[in-house]
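The values are calculated or read from the model by the stated rules, or taken from the named source; none is laboratory data. Since we're looking at a predicted model, the values are computed, not measured. Neighbour counts run over all protein chains shown; Cβ positions are idealised from the backbone, glycine included.
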Amino acid sequence: MRAEKRFFFSIYHFFQSENYFGTLRASSLRPKAHFIAEEGTFTFLRENFMSGSYFCMLQAGYRAKADKPNGTGSSYVVRHRSISYFLKPGDAFNEKLEFNYDVYEAGDKIGSIYQYPTRFHINIDIADKIPPTIQVFIFWLSFRAWVGERGWSWLALSGRMSL
C-alpha cells in the first residue's frame, strides 16, 4: 500500500497497487482523524487529548486499540482481534528523524512504513494478514509520533527548550 500526501494539508490518499483505497484527513493539532474508505468512515482518536488509549472506530464499536508501552514515547502496542503488534521507530527515524517505522509481531518484523525522498509519497509495507484499514490506523499512529518528535526537536534546536 502507498499513501500520497496533499501539499500544505494532512490529507493522504491511499492506494493498493494502483487502486484507490481511501482518504485520511488528519488533524495536525488534535489526536483525531477520519479515514473515508469503501466500507465506511472510520474515526481514529485518542481517549483524552493528552493521555489514554488510541482507537480505530467504525460507528459505535472499535476495531483496534493502541497504547504506548511506557505511557510516553514514540512506540505503540496495537491490538486487533486479540493479536498484539509492536510499532516502533526504525533506524532512519532514530538517526535522521525521517518518517520510518517498523511493525513487529511476537518479536518478528512483519512490516515497515517509510517515506520516499520526495516526502509526499509514503510506502506502507506491512504483512497482508493485517487488514488495510488497520494498516492505515498504524500509519496514523506513526505519523502522530513523528510529527510530535519533529516538534520537540525543533523546540530544542531553536533554543526555546533545553532537553
ask   = within 21 Å of M50 (Cβ to Cβ), modelled with pLDDT of 90 or more and aromatic (F, W, Y), is that true of W140?
value = yes
inquiry  = So in the range 5-47, with the set limited to residues that are of a type in the set (D, E, K, R) and loosely packed, with under 14 Cβ neighbours inside 10 Å, which one is farthest from I124 (Cα to Cα)?
reply    = E47
remark   = Taking the range 58-96 and keeping residues at pLDDT 85 or above and either touching a Leu at 6+ places or on another chain (Cβ under 7 Å) or aromatic (F, W, Y) (or both) leaves Y62, A66, S75, Y76, V78, Y85, F86, L87
query = All but one of (1) surrounded by fewer than 18 Cβ atoms within 10 Å (Cβ to Cβ); (2) touching a residue at least 60 places away in the same chain (Cβ under 8 Å) hold for R79; which doesn't?
reply = (2)
ask   = Which residue pairs have Cβ atoms under 9 Å apart, sit 6 or more places apart or on different chains, and have a first residue in the range 100-120 that is free of Cβ contacts under 8 Å to residues at least 24 places away in the same chain and among the aromatic types (F, W, Y) and a second that is part of a loop (DSSP other than H, G, I, E, B) and surrounded by fewer than 17 Cβ atoms within 10 Å (Cβ to Cβ)?
value = none
key: Residues satisfying the stated conditions in the range 10-48, i.e. of a type in the set (V, I, T) and under 16 Å from the mean Cα position of the chain (by Cα)   = I11, T23, I36, T43
request  = Only residues that are touching a helix residue (DSSP H, G or I) at 6+ places or on another chain (Cβ under 7 Å) and assigned to a loop (DSSP other than H, G, I, E, B): list them for the range 23-38, please.
outcome  = S28, P31
note = Note on the range 48-61: residues over 22 Å from I124 (Cα atoms) and assigned to a strand (DSSP E or B) are G61
remark   = Checked the range 40-75 for anything closer than 18 Å to F139 by Cα, of a type in the set (F, W, Y) and without any contact (Cβ under 8 Å) to a residue 24 or more places away in the chain; matches are F55, Y62
query = Within the range 3-30, can you find the residues that are of a type in the set (F, W, Y), over 18 Å from S112 (Cβ atoms) and touching a Pro at 6+ places or on another chain (Cβ under 9 Å)?
reply = F21
message = Just to verify a result, which residue in the range 116-137, among those that are surrounded by fewer than 18 Cβ atoms within 10 Å (Cβ to Cβ) and part of a strand (DSSP E or B), is modelled with the highest pLDDT?
response = D125
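Could you check, for the range 64-72, whether at least one of its residues is part of a loop (DSSP other than H, G, I, E, B), charged (D, E, K, R) and under 14 Å from the mean Cα position of the chain (by Cα)?
In the first step, residues of the range 64-72 are kept if they are part of a loop (DSSP other than H, G, I, E, B); the result is 68-72.
Remaining after also requiring charged (D, E, K, R): 68.
Narrowing the set further to residues that are under 14 Å from the mean Cα position of the chain (by Cα) leaves 68.
Yes - at least one qualifying residue is present in the range 64-72.
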remark   = When E95 is run through (1) in a loop (DSSP other than H, G, I, E, B); (2) acidic (D, E); (3) over 16 Å from the mean Cα position of the chain (by Cα), the failure sits at (1)
query = Identify, please: which residue in the range 103-134 is in contact with a Leu (Cβ under 9 Å, 6 or more places away or on another chain) and among the aliphatic types (A, V, I, L, M) and is, among those, nearest to I83 (Cα to Cα)?
reply = V103
